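Written out below as structure tokens is the structure these notes cover.
Derivation of every value follows stated rules applied to the coordinates shown; laboratory data play no part. For clarity, every value in this text was computed on a predicted model and none was experimentally measured. Neighbour counts run over all protein chains shown; Cβ positions are idealised from the backbone, glycine included.
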Amino acid sequence: MKGNNNKCVYDSNLDDSAVTNQTFASTPSSSTSGCVSGDDTSEGKGVIPASLVTAENYLTISEEALALSSIDDLSRAVEQCKEMVLESPECSEERKWLVRRLIELRLRLQEAREEEDCPAPNHSEVKVVLGHHFILQSQPAPTTKHHCDRCCGVIWSVVHSWYQCLDCKYSCHVKCLVQVCRVCAHVKASENPTYIGDICPELGLSAQAYRCAECKAHITFTFPKGLSCFGRPFTSENSWIEPRLCDYDGRYYCPTCHWNSTAVIPARVVHNWDFEERRVCRASKQLLRLMEKRPVLKLQQLNPRLFDFVEELNVVKKIREDILIMKKYFVSCKSATETRLLWQLQERQHFMENVDSFSLQDLVDVNSGELLDYLRKVQAVFIKHIKEDCTLCYERGFVCELCDNDEVIFPFDLVAAICPKCCTVFHRNCWTKKNHQCPKCIRIEKRASLRRDSSSNDENLSS
């Protein structure tokens, strides 16, 4: 076999018997064809049927040829394999092998196309430093200006070579890579996905030995020019770097590690419903950016009284409770599954799992009113499906047993009350008038009592 520019050319001098003895990895395909049972050997390999070994279909059956094939070669091999599948006898060993081979060819063709459209980064250029995955940025972007997170200098992408972390977007010059001392914010967010619960837990400079919490540079509050410190003038030669407080973690940093960036502080939101942005260091800024959409805030545990003081938050909680009830209808509804109705909340999947989990972005959107409008629109779509569009979901409604009204009600209606034991739905007013006495629970209790009495009578007779 001769290769030229990654294209495989069949050598006519190749002995067919040499190809017959080869074995190739096969992909299980029990769901692809009714006549394919996927009865591979224990090692997942199948011997090529001798009837398929010809010079014309060498590209289709040869593993070595496929390893060097281009997209054009793979496309031709897929088409040829499809023709061979149609021409082979039904439920024969040849068809079984060819169907498995067709799956392999299609997968390899898809991978080749993806690599051509979005080439994977050269892992030889990936450098791992303190959890960062640095990629050398080779494409210049003259309209974009970056700053080095290590030296604060401007990165001119046309002139400078620089690295950027794939996870936290930490940027630095090539020369500054060896001086990186900040652990990747993505590592911190993965190892401990929680926020600091105290508001600015400051300990003071003395607890830090008057050094930056990140790079360990000497820091202290500067003195006005002309004054003296410990009996000697304060000049630029003996003055230290001014410290900057991070409002998130309460520690002091030097200006190189603290750029006076601002961010919303989770502890202030949870305890004071305060969304004013405070100054934070670069490490905290990157961490908060990575964590902002993670539903790690359990408000019912952290500050349950917040629901009483913030009316919008209480309304959001009620809508989320209703959505969880509606989810039970959609899970068993074929129409809702086909239309992917639950994908309305794909950006906030945690709303489909529980009521209490919030992300920092959720709380910011509650304060701005954006989340409440969004949830009301989703709720309206869900209610319309259950009450108007889907007969199956509508027939799963309830009729109140405590009154003569034939109106169909649902657990998420405002006028509905749910029995905590059997989950039967009644009108709220009827439920209150009957002192929360559920007729269904009473019937269940009577039947259980009759069974106990009958069993005790049988025991007495047998004794």
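Computed from the C-beta positions of residue 72 and residue 347, the FRET efficiency with R₀ = 35 Å rounds to 0.30.
Between residue 340 and residue 423, residue separation times 0.36 nm minus the direct Cα-Cα distance comes to 27.2 nm. Basic side chains Lys and Arg get +1 at the Cβ, acidic Asp and Glu get -1 at the Cβ, and with that the dipole of segment 68-118 about its Cα centre reaches some 240 debye.
Filter 285/377; 293/387; 327/434; 318/377 down to the pairs with a C-alpha to C-alpha distance above 25 Å, please. Cα-Cα > 25 Å for 285/377; 293/387; 327/434; rest within.
Reducing segment 268-288 and segment 182-215 to their Cα centroids gives an inter-centroid distance of 13 Å. Note on residue 364 and residue 127: the model spin-label points, each 7 Å out from Cα along the C-beta direction, lie 3.2 nm apart. A crude spin-label estimate for the pair residue 395 and residue 331, with each label 7 Å from Cα along the Cβ direction, gives 2.1 nm. Taking the Cβ of residue 393 as the centre, find all other residues whose Cβ is under 12 Å away and add up their charges (Lys, Arg: +1; Asp, Glu: -1). Once all neighbours under 12 Å are counted, the net charge is +3.
For the listed peptides 362-372, 335-345, a ranking on the average number of other beta carbons within 10 Å per residue, highest first, reads 362-372, 335-345. In straight-distance terms, cross-link reach from residue 446 covers every one of the aspartates and glutamates whose alpha-carbon lies under 12 Å from its own, apart from those fewer than eight places away in the same chain; here that gives an empty set. Here the label points at residue 405 and residue 307, each 7 Å from Cα along the C-beta direction, are separated by 2.5 nm in the simple model.
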